[in-house]
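So the structure is just underneath, and the comments pick up after that.
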Amino acid sequence: VEEYKKIFFLNSQKIFYLPTTIPTDFFKPKDKMAVRKKLGFKKEDKIAIFVGRIGYLKGLDIFLNVVKRNPGIQFILIGNLVDDTFKDNSFKNLILLPLKSQKELVEYYNAADLCFFPSRLEGVALVPREAMSCGTPTILLDTISSKSIKEAIKVPIDNEEINAAVKSFFDLSKNKRKELSKK
């Protein structure tokens, strides 16, 4: 809030911070292995999910760079495919899905090991909050709009560092990943 006041030279008496709320009785952890089986994934699959509008501001180019450089990770992209970017999906490790209902999203968040949300510009980032409410750690770009999401793994807008963060996450032990999941 203080950063916004400085940036926009606003009167501090008229600015209030209302944190985003997520219905945690709905977005909550489930049995990961049971959900994976239900969705057709294997126990040993390394799964990263991206949910949202497909485009430059949402970091599509960053996402595709990480997909291309990590063939051992199964990526799931849930979003509205409005252009020809994926006309011929040549990525063997990328599953493209149309928008899902909130109930279905809970299943996919729970099936994933990691939520990867490389948005460059975001108003209220619901996807990372929903994923983390389901116990799925999240990697975000370190931008002004991600400052309020303290528990997320934040990386600078740099393809090498982003790719390293994704690889590092999947190199963590199961216990370390569980710790991140609880946060």
Residues being in a loop (DSSP other than H, G, I, E, B) and touching a residue at least 12 places away in the same chain (Cβ under 8 Å) - total across the range 32-54: 6
Residue satisfying all of: in the range 163-176; assigned to a helix (DSSP H, G or I) and hydrophobic (A, V, I, L, M, F, W, C); farthest from PRO137 (Cα to Cα) among these: ALA164
Of residues in the range 125-136 being open to solvent by less than 10 Å² (accessible area, probe 1.4 Å) and under 9 Å from the mean Cα position of the chain (by Cα), the one modelled with the lowest pLDDT: PRO128
LYS58 being more than 18 Å from SER181 (Cα to Cα), in contact with a strand residue (DSSP E or B) (Cβ under 9 Å, 6 or more places away or on another chain) and loosely packed, with under 15 Cβ neighbours inside 10 Å: no
Hits in the range 27-55 (condition: within 14 Å of the chain's Cα centre (by Cα) and open to solvent by 20 Å² or more (accessible area, probe 1.4 Å)): ARG53
Residue count for the range 71-91, restricted to those that are part of a loop (DSSP other than H, G, I, E, B) and at pLDDT 90 or above: 3
Residues (surrounded by fewer than 21 Cβ atoms within 10 Å (Cβ to Cβ) and without any contact (Cβ under 8 Å) to a residue 60 or more places away in the chain) located in the range 106-124: GLY123
Enumeration of residues in the range 22-31 that are at pLDDT 90 or above and either in a strand (DSSP E or B) or of a type in the set (Asp, Glu) (or both): ASP31
Meets criteria (in contact (Cβ under 8 Å) with a residue 24 or more places away in the chain and aliphatic (A, V, I, L, M)) for LEU96: no
Residues located in the range 137-181, provided they are in contact (Cβ under 8 Å) with a residue 40 or more places away in the chain, over 17 Å from ILE73 (Cβ atoms) and either open to solvent by 70 Å² or more (accessible area, probe 1.4 Å) or in contact with a helix residue (DSSP H, G or I) (Cβ under 8 Å, 6 or more places away or on another chain) (or both): LEU141, ILE144, LYS147, ILE157
Unique match (being among the charged types (D, E, K, R) and in a loop (DSSP other than H, G, I, E, B)) among GLU151, GLU179, GLU160: GLU151
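The values are calculated or read from the model by the stated rules, or taken from the named source; none is laboratory data. Because the structure is a prediction, the values reported are computed rather than measured. As a convention, Cβ positions derive from the backbone with ideal geometry for all residues, glycine included, and neighbour counts pool all protein chains shown. For accessibility, only protein heavy atoms count, side chains too; no ligands or nucleic acids. Shrake-Rupley method; radii C 1.70, N 1.55, O 1.52, S 1.80 Å.
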